[in-house]
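The values are calculated or read from the model by the stated rules, or taken from the named source; none is laboratory data. All values reported here derive from a predicted model rather than from experimental measurement. Positions of Cβ are backbone-derived with ideal geometry, glycine not excepted, and every protein chain shown enters the neighbour counts. Heavy atoms of the whole protein, side chains included, go into the accessibility calculation; ligands, DNA and RNA do not. Shrake-Rupley method; radii C 1.70, N 1.55, O 1.52, S 1.80 Å.
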Amino acid sequence: MTTGNPSYTNPKPCKHLADYKLNHGLSGYKSLQKHLKTAPHGKTSVGKPSTKTPRCISCDGFQGRLYFCLICSSVSCLDHNLLHTQSEVGHDVAVDIERAELYCCVCCDQVYDPDFDKAVMSKHIMGITGDKNGDESIGKRLVKRRRLGSGVVEELVDSKISKQLISMRDRRAKSCYPLGLRGLNNLGNTCFMNSVLQALLHAPPFRNYFLSGGHNHETCRKRSVDQLCLSCDIDVVFSAAFSGDRAPYSPAQFLYSWWQHSANLASYEQKDAHEFFISVLDGIHEKEVKSRNQNRDNGDCQCIAHGVFSGLLRSDVTCMTCGFTSTTFDPCVDISLDLDTSNFPPKNTANKSIKPDANSSMSTLLGCLDLFTRQEKLGSDSKLYCQNCQERQDSAKQMSIKRLPLVLCLHIKRFEHSPVTKMSRKIDRYLQFPLSLDMTPYLSSSVVRNRFGNRIFAFESGESDISAEFEIFAAVTHAGTLESGHYVNFLRLRNQWYKCDDAWINEVDEGMVRASQCYMMFYVQKSLYQKANEDWSHLPISPRRNMFGQ
């Protein structure tokens, strides 16, 4: 078994979960195992022996999320969870029936416990490896051997079981799903993390870097006693995802490492997927900069984060009086796009998000890009200093893309804040997007030429060195409201879409993706996408995988 980093510990559970385990131990987890059901694609849920549909004991409702109390086995809906724990002292911890995930009724939040994770995964292994003759399953024997053994792989598994496990791994690797497509367990409101991790795992150049040993967590010297290496823990996730194992993986060590890097974001509360994406790339960059003694703000940084995702934006500010133009360039790892809401119905008086109907208009990704590169007249309160006029003047600003990245991340601004009402809302609007995207019209050369009537201008080298043809391979979507929502990732691998909803992977059609509200869209250069499709069957199973652990 691989040895963990000595400075790593599992994320601490909430106080109510800790109290539950102190009073009841693991008895509730063990008794729950007999009610767990695992589907062939890996989804685990809680099923009652009775064939009746589970209903809330308070309102008799059966729709929406239902929760199974670990103390009294009663079922409550989301609205009556708190009522149940208030009326029954100590009944603070429940299990989401549909997802088989722990939920604290007092904190009103999902919580993570590695002991519960092991109980679910043990049942999952038993379900996969049990034979037809009713003999004791491999998984069950492994659990017993683990309990009695010393923790060394050679002492846990005899040669017969080892051969059966290898055969089981080979059958999984030959399944209809591409290698690397593995569910990620929700560790407590971590769908924002799981959805972005799936995009990173399948970004061709990013994936190739880690699978080819670009950063090896077993030989890395950047770890210290009190500081984890974020790149190492991403490498661990890659090793697990491409191990050939299809059972959902728990990226708890990565979460803990990210918390160390972003202490201000360390909590079990729901976070913004875009903010997480930026934070992870910054963490990778920061480690590379320290190891190479580079300038942290160097726009030509060659770390894997910037080598794959970094592009260059051009900003032209033109004086409306004399026509003088000031040009600046800024590196970026994503492009944030406004939705064109000019013909969108006004928000309601409660300032809540507005859901589209069949007659509501639809934004387009190309329209968002047009809006991004459209010349914008700055307001009178935003006058800028003109070097030619030697005073502040009215001006116009226009953005364009000077250099494209290998992987283009487009962030759709769905959350907006009103400076007048001081309130925020989510824009629930569908977005039409192309599978193949030509970014030529949005390059600086095209934008500037169009501004001056398509006259010929000499441009520095750089734009023509990178192809402007891109293919979509991932879309992070958000469902729900500003206050309460859920992130899901849709991956496009070998021209087939897959829905990655935390631990569950499902093959879906393109219509389901288009019917979702895209929040982050990931495009890769077309040549890299095509090569990735050709190379899928040749990807090696990671030699560094841990056969029995996460």
Study note, to complete from the structure: Sequence order, segment 375-386: Karplus ³J(HN,Hα) from phi using 6.51 cos²θ - 1.76 cosθ + 1.60, θ = phi - 60°, Hz rounded, Gly and Pro as x, gives 5, 10, 7, 6, x, 4, 7, 10, 4, 10, 6, 9
**Study point:** Accessible area per residue in Å² at 1.4 Å probe, computed on segment 15-125
**Key:** 50 Å²
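Sorted by packing (mean other beta-carbon atoms within 10 Å per residue), highest first, where do 191-198, 494-501 land? Present the calculation step by step, with values, prior to reporting the outcome.
Working: 191-198: 25.2, 494-501: 17.5.
Averaged packing, sorted descending, gives the order 191-198, 494-501.
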Check your understanding: Once amide H atoms are built 1.01 Å from N in the peptide plane, which residues 5 or more positions from Ala503, or in another chain, come under 5 Å H to H?
Key -> Leu184, Asn186
Review point. Amide H neighbours of Val508 under 5 Å, counting only residues 5+ apart in sequence or on other chains, H built in-plane at 1.01 Å?
Key: Trp497, Tyr498, Lys499
Revision key, fill the gap. Out of Gln63, Val120, Leu82 - ranked by how far each Cα lies towards the positive end of the dipole of segment 15-125, with unit charges on the beta-carbon of charged residues - the top one is Val120
Practice item. Compute the relative contact order of segment 15-125 as a whole-number percentage, counting only Cα pairs closer than 8 Å that sit 6 or more residues apart in sequence. Key: 26 percent
Check your understanding: Between Leu36 and residues 5 or more places away or on another chain, which pairs have amide H atoms under 5 Å apart, with H built 1.01 Å from N, and which residues are they?
Key -> Gly47
Revision key, fill the gap. Phi angles of segment 501-512, converted by Karplus (6.51 cos²θ - 1.76 cosθ + 1.60, θ = phi - 60°) into ³J(HN,Hα) in whole Hz with x for Gly and Pro, give 10, 6, 6, 10, 10, 9, 7, 10, 8, 4, x, 5
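In what sequence, highest mean first, do 375-387, 327-339 appear when ranked by Cβ atoms within 10 angstrom?
Details: 375-387: 12.3, 327-339: 15.4.
Averaged packing, sorted descending, gives the order 327-339, 375-387.
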Exercise for review: State the extension gain, in nm to one decimal, for the chain segment bounded by Glu510 and Asp19, taking 0.36 nm per residue of separation less the distance between their alpha-carbons.
Suggested key: 172.2 nm
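Could you give the length gained by full extension between Ala479 and His417, i.e. 0.36 nm per residue of separation minus their alpha carbon distance, to one decimal place? Don't jump to the answer; show the numbers that get you there.
Details: separation 62, 0.36 × 62 = 22.32 nm, distance 1.86 nm.
Gain in length upon complete extension: 20.5 nm.
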Point to revise | Radius of gyration and maximum dimension Dmax of segment 15-125, Cα, Å | key: 13.2, 38
Exercise for review: Work out from phi, with θ = phi - 60° and the Karplus expression 6.51 cos²θ - 1.76 cosθ + 1.60, the ³J(HN,Hα) of each residue of segment 74-85, listed in order in whole Hz, and give x for Gly and Pro.
Suggested key: 6, 10, 9, 7, 4, 6, 10, 4, 5, 4, 5, 6
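To the nearest 0.05, what FRET efficiency results for Glu88 and Leu265 with a Förster distance of 41 Å applied to their C-beta separation?
Details: r = 34 Å, r/R0 = 0.83.
That gives a FRET efficiency of 0.75.
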